[in-house]
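Trainee: Have a look at this one.
All of the numbers you see were taken from the coordinates with simple rules; none came from a lab. Bear in mind the structure is a predicted one, so any value in this text is a computation, not a measurement. Note: ideal-geometry Cβ built from the backbone for every residue, glycine included; neighbour counts use all protein chains shown.
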Amino acid sequence: MITLFLVSGVFAIICYKYDPKSPPLRWVVFLLICGSLAGLSRAIIETFIPALNRNDINSEWINTLLYYLRIITGFISIYFCPYGILMHAITYSTKLTAKMTRILKYVLLIPIPFMLKTTVYVPDIIPDFDNMLYWAVPYIVIACILHIYGYFTEKDKQKKKSRFITLSLMFPVILSALILNYIMRVFNSGNQEWRYIIFFIVASFFVFIWKALSAAGSLNGIRLRYEREAHERTRQAVNQGAALINHAIKNQIYKIDTSLQTIDLNHLDNSSKKSVEIIDRSAKHLMEIMERMHHKTQEIKIVKSKNSLIDLVEASLENEKSELSRKSIEVTKVYTVKEPYVFCDKTHTFEVFLNILRNSIEAVEGNGKIKISIVQKNSKNVIVRFSDNGIGIPQEHLRHVTDPFFSTKQNKGKNYGMGLNQCNEVMYKTGGSLNIESKVNEGTTFTLIFPIHLKKGDVYEEYNSSRAN
């Protein structure tokens, strides 16, 4: 049981550390804490108290403390676990509104206070498994149904893959707890089969670690996955909010423009005419800003076709040729890849290269240098790398540069902080990744990893690109 206590505790810390703001992940942490408390509760009577007795450490206050600790941890782990399982399923399914989820968070707690009266506490805690059959078991069954329904109704391929991984991690633990701990103990409260749950928890823990390792070759894979999902949730929120604001402001601008058309300038003095002209120019300028914002916050849809990464890079260099010449920037190209063709979205990938190249151009000053390399990482991936000797990015800003509306550039009026966020989103939806390394006054390196082959579920356009527009 010490193993259950330690594994669940470590698992909870890892999950919380990398995405503490994710509601579904917070409920996973809640469940892992319940599991850890269950292990602690059993360890008290099976390990700690016997160890104290063997060493003749028997004091009344220690025994009292351990007794109450055993009761509290046992009560929480048994009764709150089904509640946490269902709440996680509700938040993760995203099928209910935020208001309904908040209501259910309190409503679903109602059965637990009644268990205070029906639970036996002396000489040891004996949970009321008979009454739990009427609420705890339905909680877990409903949670399983919500998870399955959420998986089969998910349309986004990346989210569906994420749901499958979640199911593969959680279902063995949930079902083993349902059968071994909440159903079998109704018929025989003294059975010990529930102990086998620890094997399912340990197995899920190692599967979790394996998935994290396979994501990026190190435990940073855990961070990468959760940061990606956090970015996606943030971008969705930004898109929804921007759409509402865009619609509201455009309506008001339309009213202003319509009202201006009804004003007869011939009956106005010069001062009033100038005021009307200012209002008209401001309205048009505001409309242009909203159009730009609308373009930047559109949902990115990836339609893949076979494209040459070299051609796309060369097209971006050609696009910025005058600016590179104006700043006398030396560009070095190293193309060692044998087959530069990958399946990606031509338009979005070109925009990614263009955006990163512009970032490098803006960052370098005198004796500016930009190095672009395209190399084969392995049989599955190609790496495109942009390196510059510019001013660099401070470490405290580096982790935020792909966040929406975050920018370190000076021209805030023309920059919305959406460029690198859009690049990150395109690479993620392409099935690759964007990594940024930087040191102040030394330069910045953008590393983009592209998958060579199509994957199941990719939207494919039968078009072979040899040149970028």
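Trainee: Which length gain, in nm to one decimal place, applies between Phe164 and Leu66 when the Cα-Cα distance is subtracted from 0.36 nm times their residue separation?
Mentor: Here the segment from Phe164 to Leu66 would lengthen by 31.2 nm.
Trainee: Efficiency by 1/(1 + (r/R0)^6): what FRET value for His400 and Lys301, r their Cβ-Cβ distance, R0 = 30 Å, to the nearest 0.05?
Mentor: Here the calculated transfer efficiency is 0.70.
Trainee: Within a 10 angstrom radius of the beta carbon, how do His147, His400, His88, His267 rank from fewest other beta carbons to most?
Mentor: Listed from fewest to most nearby Cβ atoms, that is His267, His400, His147, His88.
Trainee: Sort Leu31, Leu25, Leu260 so that the residue with the fewest other Cβ atoms within 10 Å of its own Cβ comes first and the one with the most comes last.
Mentor: Leu260, Leu25, Leu31
Trainee: 5 Å is the cut-off here: which amide hydrogens, built 1.01 Å from N in the peptide plane, fall below it relative to Lys377, excluding neighbours closer than 5 in sequence?
Mentor: It is Val382, Ile383, by chain and number.
Trainee: Something else about it: What is the distance, in nm, between label points placed 7 Å from the Cα along the Cα-to-Cβ direction at Thr94 and at Glu46?
Mentor: For the pair Thr94/Glu46, the computed spacing is 4.0 nm.
Trainee: Taking the Cα centre as origin and putting +1 on Lys and Arg beta-carbons and -1 on Asp and Glu beta-carbons, what dipole magnitude results for segment 81-183, to the nearest 20 debye?
Mentor: Once rounded to the nearest 20, the dipole reads 760 debye.
Trainee: Assuming 0.36 nm per residue, please report the length gained on full extension of the stretch Asn55 to Val440 beyond their Cα-Cα distance.
Mentor: Gain in length upon complete extension: 132.7 nm.
Trainee: So who's got an amide H within less than 5 Å of the one on Lys306, skipping anything under 5 residues away but keeping other chains? H placed 1.01 Å off N, in plane.
Mentor: The answer is Tyr463, Ser465.
Trainee: Go ahead and run the numbers for FRET between Val107 and Val202, Cβ-Cβ distance against an R0 of 56 Å, rounding to 0.05.
Mentor: Calculated transfer efficiency: 0.95.
Trainee: I want to check the label-to-label distance for Lys456 and Tyr121. Put each point 7 Å from Cα in the C-beta direction and report it in nm to one decimal.
Mentor: Output for this residue pair reads 5.3 nm.
Trainee: R0 = 56 Å: FRET efficiency of Ile183 with Asp257, Cβ-based, nearest 0.05?
Mentor: Here the calculated transfer efficiency is 0.25.
Trainee: Quick one: Karplus J couplings for segment 145-151, per residue in order, coefficients 6.51, -1.76, 1.60, θ = phi - 60°, nearest Hz, x for Gly and Pro?
Mentor: Listing the rounded values in order: 5, 4, 5, 5, 4, x, 5 Hz.
Trainee: Further question on the same structure: Tell me the label-point distance for the pair Leu175, Ser275, using the 7 Å Cα-to-Cβ offset, in nm and rounded to one decimal.
Mentor: So the label points at Leu175 and Ser275 sit 7.4 nm apart.
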